[in-house]
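Undergrad: Once you've had a glance at the structure underneath, I'll fire off some questions.
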Amino acid sequence: MKIDPLRSLEKVDAAIAADANPRHRTMLENFREHLLAELEGDVDRIMKTQVAEPRYQFWGSGIGDFGPKGGEQVRGFYRHIFEQGYNKLYYEIDRIFCGDDELFHDGVLHMVWPGRALRAIGVQVDDPDAHYLYSYRSAAIFKYDAAGRCTGEDTYSDGSPTLERVRKLAPDEVPDPLRRARL
């Protein structure tokens, strides 16, 4: 099965279409833009969806919060992901809904990792030139300011990539590069 990152938008678009609350729609549209910028690998575009000093809290590896804090750290976090090439994913969203200041979503993230990026974090895959699929449960709360920009994320996952949790992809399963024109 070919991984199609743009399928990540299906539940987001449905939520936008179904929610008549203008505040909620603004937050959902911001999240959509954030997700597209991440899939495309555009640091400047993703930073425009956020306040100048966002605060991320990541939980799930048994080491406490390890998320980046502030604009410089968040920018560096995304730059690293994009340089390493593991921003190609399909987010199979189970639930997505808004409060007036927070957007919740959860589901299964199917992330495509280059073998070299996995090796860089200590996962000794056989082929550093191949791509691997790492799927895991994730839940996140995105927080928003009055203008509808993201002030940070609280993200929870069921653990980190390990050799037992990745599967080598056949070349025809690897997603095509995303182009802004398609988005």
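Undergrad: Taking the alpha-carbon distance from residue 143 and a cut-off under 27 Å, which lysines remain once sequence neighbours fewer than 8 residues away in the same chain are dropped?
TA: 11, 48, 69, 88
Undergrad: Give me the net charge for the shell around residue 80: Cβ to Cβ below 13 angstrom, other residues only, Lys and Arg +1, Asp and Glu -1.
TA: Once all neighbours under 13 Å are counted, the net charge is -1.
Undergrad: Moving on. Using a 1.4 Å probe, what is the accessible area per residue for the chain, in Å²?
TA: Accessible surface, normalised per residue, equals 50 Å².
Undergrad: In whole Å, what are the Cα extents of the chain along the three principal axes, biggest one first?
TA: Between the extreme Cα coordinates on each principal axis of the chain lie 49, 33, 27 Å.
Undergrad: Take the solvent-accessible surface of the protein heavy atoms, probe 1.4 Å, and return the percent of it on the chain that carbon and sulfur atoms account for.
TA: Within the chain, the accessible surface is 51 percent carbon and sulfur.
The values are calculated or read from the model by the stated rules, or taken from the named source; none is laboratory data. None of the values given here were measured: they were computed from a predicted structure. Counting neighbours? That spans all protein chains shown, and the Cβs are built from the backbone with ideal geometry, glycine included. For accessibility, only protein heavy atoms count, side chains too; no ligands or nucleic acids. Shrake-Rupley method; radii C 1.70, N 1.55, O 1.52, S 1.80 Å.
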